[in-house]
Amino acid sequence: MTHPTINTSDTTPAAVVVNPTDAAALTRVTPAKGGCRFCGTPLRHSVVDLGMSPLCENFLTAEQLNEPEAFYPLHAYVCDQCYLVQVEEYVHGKEIFGGEYAYFSSYSDSWLEHACKYVEMITLRLGLTEDHFVVELASNDGYLLKNFVARGIPCLGVEPADNVAAEAVKKGVPTTVRYFGVNTANELIAAGPQADLMIANNVLAHVPDLNDFVAGMRIVLAPTGVLTVEFPHLVCLIEGNQFDTIYQEHYCYYSLITLEKVFAAHGLTIFDVDELTTHGGSLRIYVRHTPHQALPVSDAVTNIRQRELDGGYDRMDTYRAFAEQVAETKRGLLDFLIRAKREGKRVAGYGAPGKGNTLLNYCGVREDFLDYVVDRNPYKHHKFLPGTHIPVFPPEKLAETKPDYILILPWNLRQEISQQLEYTREWGAQLVVPIPELTVF
Ligand SMILES: [Zn+2]
C-alpha cells in the first residue's frame, strides 16, 4: 500500500507582492479567482482580508447549531483599472436573496422617514403625476413605493425575495417577484410602460452581474426618464473605518469615479448627486440617458469627483493603508470586551444587522464576550447569529437582565437607537459603538 505523497511543487504558491512604498514589507496576497466584475481585469490588489465568514443573513435555529456551517473567504480587492472595490462571489445570489430573506426595511424608523422624504422631494422635482410610472428595483416590503401609491402615482416594485415581496403586496404595492437584469427588463417593457422614474436603493452592492443589471436599467428607463441610485459611499467606508459593511452579500463598494465609468459604458450619465447620512454616508446619484442633455451635469458631480481624486481613490496605496486601520479597530474592541468581562460586567448587543456579523466573526466575539443580542425583527428572535452562534432575543430581554454595557451593532443608527435605549440608563447601562472607533457613552 502506498501512502499518498504531497508534491509540494503542485501546491499553488501565494503570490508575494512587494509593497512599492516600503520595499522591506512583504505582503502575502492570494490573488482573486475571477476578474473585475465591471471591466474583467485580473484582481491583484488586496484592500482587506477579513478571514473566513458565514453568510451574514443566515440566522440559525437551535437544531442547525448541531450541523456544519459554511464559511467563505471574505477578502476585498480593488481593480487597478476602474477602482471598483469588490469581494469574490462564493455563493450565488439566489441562495442569498431568493426565497426567504430576513431583512425587512420597515423595521427601521429612520429608514422609513428617509424613504418618505425622498418621495416628497422627487415627486416635486420631476413633477410626477398619475400619468407617470415609477419602478423600484429591490423594493423590499414596499416601504418606499407605498408613498407613491398614496399619491396615486402608478408604480411597480421588482423584488427577488418572495417573503418580503408578499408584505409589499399586502400594503397594496404592485410587486413582481424576480431578479433584475436584461431579461427581466425586456419582459417589463413588453408588459408595461418604460419608467419615468427608476429607483435602486442599496441594491447595486448586491448585484452579482453588474453589467447585466445596469444594461437592464437602461432598457427600462424612458428616454427622458431619471434613475436615482443610493449606495454607501466608498469614501465613507474607508475614512469612517466601516469595514463591517463588507460582507459576502455585498459584492461591490462604489466611488463616484468608478460608477461614472460603469454608467458611461452603458450609455448613461450621472448628472447630479446628493450626499446622504444614511448607512454611514451614502451618495444618491441622478442618472439619465447620455443623449438626454436637457439635464446638465451639476457642480455637485464635479466637486465629489474632484474630492475623490484629491483623496487618492485612483491610487492603490490609498486602498492598501486600510487593512491596518481595520486590525486596530479589532484590537480596540477586544481590549474593551476583555476588560469588561474581567470586571464581571454583563455585555449585550443591540441589533443583529449583517454588518454586526462581519464585525463579530472577524473579531472572534462569541457568547464569551457578548451574552446575547436583541433585535426588533421577530424573524430573528430565538435564532442564533451566523458563525458566532450568539442568541437573538426581543428587545424586552434588556429590561429583564439589565446589562452593564449595550454594544450597538448598527452604529449607523446610533442616534435613533440611543433614544430607544434611554430607559436602560435607569439601571446605569452604558452604550458602546465599535465604529469608527470604540466609544462608550
Ligand atoms: Zn475593473
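The values are calculated or read from the model by the stated rules, or taken from the named source; none is laboratory data. The model shown is predicted, which means the values in this text are computed figures rather than measured ones. Quick reminder, even Gly has a Cβ in these numbers, built from the backbone with ideal geometry, and neighbours come from all protein chains shown. These accessible areas exclude ligands, DNA and RNA; they are computed on the full protein's heavy atoms, side chains included. Shrake-Rupley method; radii C 1.70, N 1.55, O 1.52, S 1.80 Å.
A few points about this structure:
- Of the strands (runs of 3 or more DSSP E) lying entirely inside the range 327-441, not one carries at least 2 residues that are of a type in the set (K, R) and farther than 30 Å from N163 by Cα.
- Residues in the range 291-307 that are open to solvent by 20 Å² or more (accessible area, probe 1.4 Å) and of a type in the set (A, V, I, L, M): 4 in all.
- Positions within the range 401-424 being within 30 Å of G51 (Cβ to Cβ) and either modelled with pLDDT under 95 or buried (at least 22 other Cβ atoms within 10 Å of the Cβ) (or both), in sequence order: P403, I406, L407, I408, L409, P410, W411, N412, L413, R414, I417
- Residue in the range 387-400 that is farthest from the chain's Cα centre (by Cα), counting only those that are over 10 Å from T61 (Cα atoms) and open to solvent by less than 40 Å² (accessible area, probe 1.4 Å): L398
- Odd one out for I338, checked against (1) among the β-branched types (V, I, T); (2) in contact with a strand residue (DSSP E or B) (Cβ under 6 Å, 6 or more places away or on another chain); (3) surrounded by fewer than 17 Cβ atoms within 10 Å (Cβ to Cβ): (2)
- When residues of the range 66-84 are limited to those that are within 16 Å of the ligand (Cβ to nearest atom) and more than 19 Å from A323 (Cβ to Cβ), the one surrounded by the fewest Cβ atoms within 10 Å (Cβ to Cβ): Q81
- For the range 292-301, the criterion of being away from the ligand (no atom under 16 Å from the Cβ), out of contact with any strand residue (DSSP E or B) (no Cβ under 7 Å at 6 or more places or on another chain), over 17 Å from P410 (Cα atoms) and among the small types (G, A, S) is met by at least one residue.
Results for (1) crowded, with 19+ Cβ neighbours inside 10 Å; (2) within 16 Å of the ligand (Cβ to nearest atom), shown as yes or no for each residue.
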residue	(1), (2)
P223	no, no
S255	yes, yes
A265	no, yes
D274	no, no
T277	no, no
S282	yes, no
H289	yes, no
